[in-house]
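*Asks:* Pasting in a structure now, in structure tokens, and then I'll have a few things to ask.
Coordinate-derived values only; no laboratory data. These numbers were taken from a predicted model, which means no experiment stands behind them. Because the Cβ atoms are built from the backbone with ideal geometry, glycine has one as well, and the counts that use them run over all protein chains shown.
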Amino acid sequence: MTHHVAKLVFWGVRGSTPTLERDTWRYGGNTPCLELTAPDGTRFILDCGTGMRMLGNRWTRANGGNTIEAHILVTHYHWDHIQGIPFFNPFFQSQNRFHFYSFQSKYLGPDSLRQVLEAQLASPYFPVDVNMMTAGREFHEITGGDKWAVNGTQISCAWLNHPQGCLGYRLDTAGGSVVYATDNEPGVPENDLNLRQLAQGADVLIYDAQYSPEQLASERKGWGHSSWLEGVKIARDAKVRNLVLFHHDPDSVDKVVDGFLSAARQEFPATWAATEGMSITMSERGVNVEMRETRSGQRRRLRFTAIVTGQSEDGKKFEEKATVRDISLQGAYLCLKNRPKLQSEVRVVIEAAADPAASSMLSLRGTVVHFDAGREKMQNGVGVVFIDDADPARPHD
Ligand SMILES: [Zn+2]
Ligand SMILES: [Zn+2]
């Protein structure tokens, strides 16, 4: 059997507006942009938020002047989903070719996305004129309920409930299926039903989880967004395999997102919180979530033991005497036999004995942000970011 692998990469996961605050760095501050590579190499981009700049730079570097061709699916025209367009390098290289898909906005009429592009790259809003965008561009107008195919990938879309309209997309590749449904407020029966049909049996459902269930029921009702709890309900109803909480609120610091994720995992264990740099590979062998190594700052290379307690991939609790390979005030790199679940909580207890007569324990709480299987001597490498316990900003579930 041929091994078909599809890969999804998250370049921007933040809703509404980019965030630069330090306490939003772990999940990331760029607005929505996802890259999906089908098993046959066909490239898709889902939304054009600020994360698109990094994707463009990556492609330009990797491509060495060869033609880049991609299919760009835009959910709607709110700033956070289009503001990366002027900063996407490959648009300004004439050998490249792009196919855009979006709906006709009743505010803009025919050729809505072309108009959006021309308005974005125009005086006095941007120094570069749209004519500098020399890559080939083709615009396809689509609407909820449409189905079409791009090479081997089947695409379908459905209307979501969001101010000025929004489309949810499903892409069925030979490696697996992804449903991208962001910017949606539940409560319109027809839309809710359509979304469940769109998501039916998907390997991965990426869903708007901007607010807490409490906010969604009160002060954020009518704002066009959703919560982790709605995501869980859809994931269950549609029997999806993995749920990814997405479109984090700009005012949600990392700890708030941590709280949403842990609450969602109680109800639906195969839940992840979208993180910049996270990737998901899908194949006949299943779905695998990975996160890139992002720890910065000075690390101290060491080798000492610590007692690590946490939760393994299958949900079981473990306790193990592990090796700490390096440590900083922000995090540590551990070697252990267990395989802790990505984005789960671990406790690292270190015996701090400056004076052997008066030993004391240093107990640190962290979250698993990176995993390297079989790093050394049958042990796994695990990157952990420490969570500051002093701040009680954890949300109520
Ligand atoms: Zn949005
Ligand atoms: Zn929106």
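*Asks:* Take the alpha-carbon positions of the stretch 142-219, form their convex hull, and give its projected area averaged over all directions (one quarter of the hull surface) in nm².
*Replies:* 5.7 nm²
*Asks:* Can you show me the helix-derived [θ] at 222 nm for the chain, built from DSSP H runs with n ≥ 4 at -39,500 (n - 2.57) apiece and divided by the number of residues, rounded to the nearest 500.
*Replies:* Values: 7 runs with 65 residues, N = 397.
Per the formula, -4500 deg cm²/dmol.
*Asks:* What longest range of the chain stays clear of loop-exposed trypsin sites (Lys or Arg not before Pro) (DSSP non-H/G/I/E/B, at most 14 other C-beta within 10 angstrom)?
*Replies:* 107-220
*Asks:* Using only the Cα atoms of the stretch 285-330, each taken as one equal point scatterer with no solvent, compute I(q) by the Debye sum, divide by I(0), and report log10 of the ratio at q = 0.31 Å⁻¹.
*Replies:* -1.05
*Asks:* Tally the DSSP beta bridges in the chain and give the antiparallel ones as a percent, rounded to 5.
*Replies:* Within the chain, antiparallel bridges account for around 70 percent of the total.
*Asks:* For ARG301 and LYS147 in the same chain, what is the full-extension length gain: residue separation times 0.36 nm, less their Cα-Cα distance, in nm?
*Replies:* Numbers: separation 154, 0.36 × 154 = 55.44 nm, distance 5.36 nm.
Taking ARG301 through LYS147 to full extension adds about 50.1 nm, to one decimal.
*Asks:* If I histogram all Cα-Cα distances within the chain using bins 10 Å wide from 0, what percent of pairs lands in each bin?
*Replies:* The distribution over the chain is 5, 22, 31, 24, 13, 4, 1, 0, given as percents.
*Asks:* Check cross-link reach from LYS317 to the lysines: straight Cα distance under 25 Å, and skip same-chain residues fewer than eight apart.
*Replies:* Hits, sequence-local ones excluded: LYS255, LYS337, LYS341, LYS377.
*Asks:* Let me ask something else. Return the whole-Å distance between the Cα centroid of the stretch 1-52 and the Cα centroid of the stretch 100-141.
*Replies:* The stretch 1-52 and the stretch 100-141 have Cα centres spaced 22 Å from each other.
*Asks:* What distance in nm separates the two pseudo spin-label positions at ALA122 and ASN288, each 7 Å out from Cα along the beta-carbon direction?
*Replies:* According to this spin-label approximation, the distance is 4.8 nm.
*Asks:* For GLN164 and ASN63 in one chain, what is 0.36 nm times their gap in residues minus the Cα-Cα distance, to one decimal in nm?
*Replies:* So the extension gain works out to 32.7 nm.
*Asks:* Just grab the label-to-label distance for GLN200 and ASP314, each label 7 Å out from Cα along the Cβ direction, in nm (one decimal).
*Replies:* 3.3 nm
*Asks:* Could you pull out every one of the lysines with an alpha carbon less than 28 Å from that of LYS147, ignoring same-chain neighbours closer than 8 positions?
*Replies:* LYS147 reaches LYS7, LYS106, LYS233, LYS239.
*Asks:* On a C-alpha basis, how far is the centre of the stretch 161-234 from the centre of the stretch 60-89 in Å? Whole number, if you could?
*Replies:* Value for the Cα centre distance between the two parts: 23 Å.
*Asks:* Could I ask something else about it? When the chain is fully extended, how far beyond the present Cα-Cα distance does ASP251 get from HIS99, taking 0.36 nm per residue of separation?
*Replies:* Roughly 51.3 nm would be gained on extension.
*Asks:* Also, quick follow-up: Hey, what did the stretch 138-268 get for relative contact order, percent, Cα under 8 Å, at least 6 apart?
*Replies:* For the stretch 138-268, the relative contact order is 20 percent.
*Asks:* Rank these for me by crowding, TYR107, TYR211, going from fewest to most other beta carbons within 10 Å.
*Replies:* Going from sparsest to densest Cβ surroundings: TYR107, TYR211.
*Asks:* Just to be sure I understand: with springs between alpha-carbon atoms less than 10 Å apart, which residue in THR42, THR271, THR50 has the highest mean-square fluctuation in the Gaussian network model of the chain?
*Replies:* Maximum among the listed residues: THR42.
*Asks:* To make sure I understand, if each residue's beta carbon is the centre and we count other beta carbons within 10 Å, what order do GLU320, GLU214, GLU190 fall in, fewest to most?
*Replies:* Arranged by neighbour count, lowest to highest, GLU320, GLU214, GLU190 become GLU190, GLU214, GLU320.
*Asks:* Taking the number of other C-beta atoms within 10 Å as the exposure measure, put VAL74, VAL324 in order starting with the fewest.
*Replies:* Ranked by crowding around the Cβ, least crowded first: VAL324, VAL74.
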